[in-house]
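Working notes, structure below.
The values are calculated or read from the model by the stated rules, or taken from the named source; none is laboratory data. As the structure is a prediction and not an experimental result, all values here were calculated from the model. Note: ideal-geometry Cβ built from the backbone for every residue, glycine included; neighbour counts use all protein chains shown.
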Amino acid sequence: MDGNILETRKVVKRFGGVNALQEIDLAVRTGTVHIIAGENGAGKSTLIKIISGIHSPDSGEVSFDGSRVEKFTPTDASRLGVATIFQESAIYPNLSVLENVFLRNKMRHKGVGLLDWTGMSRRAEALFAELGERINVRRVMSGMSAGVCKIVEIARALMQNAKLIIMDEPTSSLSEKEVRSLFRQIEILKSKGITILYITHKLEEIFEIGDNVTVLRDGKVVGTRAVADIDKGQLIEMMIGRKLEIFFPAIEVRQGRPVLQLEGLTSGKGRFKDVSFTLYDGEILGLYGLVGAGRTELAEAIFGVDREYEGTLRFNGQVIQPESPQGAMDLGIAYLPENRQLEGLVLKMDIANNITLAILKEITRRGFVRKKLELQRAASSIESMRIVCTGSEQTVENLSGGNQQKVLVGKWLNLRPKVLILDEPTHGIDVATKAEVYHLMRTLVEQGTPILLISSELPEIIGMSSRILVMGAGAIRGEFRRNEWTREKIIEAALAG
């Protein structure tokens with residue numbers, strides 16, 4: 001498996017007056033896992049869209065399997081042996097597993113032209129067996145987990161005789177168990193001589209599965225290194241252009257008085273049961289669990305989104321039962337949801353409108369928004385959060401994922417919360433923005449705002465938390481303090497549910 005499956009030479013791509021890619025040189029060796037890393041806006045998405053045929057380069061050359069690529073369309077890329085698994089699943093939920101796998105190359109009986117369902121079933125079942133998975137190929141995809149959807153997309157790529165599979169942030173919606181399964185499948189693909197071009201923000205994934213890593217910054221290649229020859233600090237420096245001495249800012253905080261207390265909280269919809277814990281002033285309380293553990297549903301109950309529960313909720317010693325999110329906000333509880341685009345932001349509105357959504361009562365008079373005050377508060381947030389934008393009038397949908405997240409955090413900080421609930425706060429953002437969010441969290445705790453941190457990223461939970469609670473099947477399965485936890489203990493507790 002010698003040689004390069006993919007090479008680009010001085011590839012340039014412009015959008016308007018913006019250079020998205022500037023003379024990109026890339027060489028991907030056959031049968032390896034080659035990582036593309038970089039901050040949001042570094043050019044990763046543009047590069048993979050060129051390789052997958054969605055965009056054509058303005059200049060430069062692309063060679064695949066030793067031959068120069070002349071035509072750039074998804075069909076041409078597929079014909080050459082390139083398959084792309086994007087972050088958002090390309091699965092048709094109303095079709096069966098089998099129909100999704102053979103979406104573009106159905107098998108037919110010779111002579112009569114009728115679909116060969118028996119033959120397709122046997123091939124699909126054999127393929128899933130090779131990938132170490134047992135899946136009912138006749139089952140409709142609707143309701144299947146994100147992990148199964150990824151497996152089906154891999155099977156579809158293999159059925160198209162893919163030589164190079166591009167995976168764009170493939171673990172963003174997967175549980176820990178599903179991530180382990182995906183990594184096993186990647187090893188199987190490598191053993192078959194198939195090359196993986198893997199895009200991720202997660203440093204741990206780079207060092208676990210990567211053979212080589214190419215770092216992009218501002219549309220340029222910073223360098224390509226063998227993963228075995230680089231450490232985390234060097235990689236971060238390549239990605240952001242400066243040393244990042246402290247990724248998780250380990251600041252000692254003293255546990256103070258009880259602020260938020262849950263006593264036997266049980267969902268009327270069966271989403272969580274008998275949950276009891278206390279969030280103290282001066283701490284970051286980590287809440288870890290696998291997908292479906294009930295963490296988000298619990299946060300929504302605290303924030304007044306879901307009022308169907310039994311048990312007692314106390315805030316600063318007083319029994320509360322928020323009737324709505326506004327009721328929770330009036331108490332000083334802020335909740336940053338996992339899905340920022342659907343639940344946290346209004347994408348078509350500008351930055352100023354979004355940042356001041358939580359404080360409309362404060363900036364309105366007689367039903368009208370005091371525009372000058374709105375712009376002042378927005379400008380202050382843009383500066384303090386270091387939001388990269390053209391101004392407060394820029395629409396949020398045109399910001400990078402990391403800057404969208406900063407807008408959302410800024411929105412809640414304007415509320416001056418007494419408790420901050422963060423649900424997957426660094427999901428889909430680059431390493432530099434993650435570091436900024438972590439430092440901000442520590443600063444808020446030092447200033448008197450306790451945080452309930454919900455995260456599926458173990459390094460994040462371990463690095464940032466004062467204590468860790470583990471949920472499984474809607475119940476608390478374990479509690480660990482700093483001198484008690486290990487990665488293995490936390491995962492074991494999560495799986496116990």
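Quick check, is Lys434 of a type in the set (Lys, Arg), touching a Gly at 6+ places or on another chain (Cβ under 6 Å) and either assigned by TED's automatic domain parsing to the domain that holds Ile302 or surrounded by fewer than 19 Cβ atoms within 10 Å (Cβ to Cβ) (or both)? Answer is no for this residue. Sub-9 Å Cβ pairs linking a first residue in segment 416-431 that is of a type in the set (Gly, Ala, Ser) to a second residue that is outside any loop (DSSP other than H, G, I, E, B), at least 6 apart or interchain, are Gly428/Arg340; Gly428/Gly401; Gly428/Gly402; Gly428/Gln405, ordered by first then second residue. Is it the case that segment 91-105 has a residue that's touching a residue at least 60 places away in the same chain (Cβ under 8 Å), in contact with a helix residue (DSSP H, G or I) (Cβ under 7 Å, 6 or more places away or on another chain) and among the hydroxyl-bearing types (Ser, Thr, Tyr)? No: segment 91-105 contains no residue that is touching a residue at least 60 places away in the same chain (Cβ under 8 Å), in contact with a helix residue (DSSP H, G or I) (Cβ under 7 Å, 6 or more places away or on another chain) and among the hydroxyl-bearing types (Ser, Thr, Tyr). Which members of segment 444-453 meet the condition of being within 17 Å of Ile302 (Cα to Cα) and not hydroxyl-bearing (Ser, Thr, Tyr)? Within segment 444-453, Pro450, Ile451, Leu452, Leu453 meet the criteria. Looking only at residues in segment 286-342 that are among the hydroxyl-bearing types (Ser, Thr, Tyr) and closer than 30 Å to Val179 by Cβ, the one that is surrounded by the fewest Cβ atoms within 10 Å (Cβ to Cβ) is Thr296.
Residues in segment 454-469 that are under 19 Å from Thr296 (Cβ atoms), out of contact with any Asp or Glu (no Cβ under 8 Å at 6 or more places or on another chain) and among the hydrophobic types (A, V, I, L, M, F, W, C): Ile461, Met464.
Determine, yes or no, whether Val445 is touching a strand residue (DSSP E or B) at 6+ places or on another chain (Cβ under 7 Å) and either modelled with pLDDT under 90 or within 30 Å of Leu313 (Cβ to Cβ) (or both). So Val445 fits the description; yes.
Hey, could you check segment 65-115 for residues that are β-branched (Val, Ile, Thr) and assigned to a loop (DSSP other than H, G, I, E, B) and say which is surrounded by the most Cβ atoms within 10 Å (Cβ to Cβ)?
Val69
Examine segment 106-116 for a residue that is among the hydrophobic types (A, V, I, L, M, F, W, C), assigned by TED's automatic domain parsing to the domain that holds His55 and under 21 Å from Pro170 (Cβ atoms), and state whether such a residue exists. No: segment 106-116 contains no residue that is among the hydrophobic types (A, V, I, L, M, F, W, C), assigned by TED's automatic domain parsing to the domain that holds His55 and under 21 Å from Pro170 (Cβ atoms).
Look through Leu290, Leu262, Leu345 and report the one residue that is assigned by TED's automatic domain parsing to the domain that holds Met471 and at pLDDT 95 or above. Working first, answer last.
Values: Leu290 fails: at pLDDT 95 or above; Leu345 fails: at pLDDT 95 or above.
Checking each option against the conditions leaves just Leu262.
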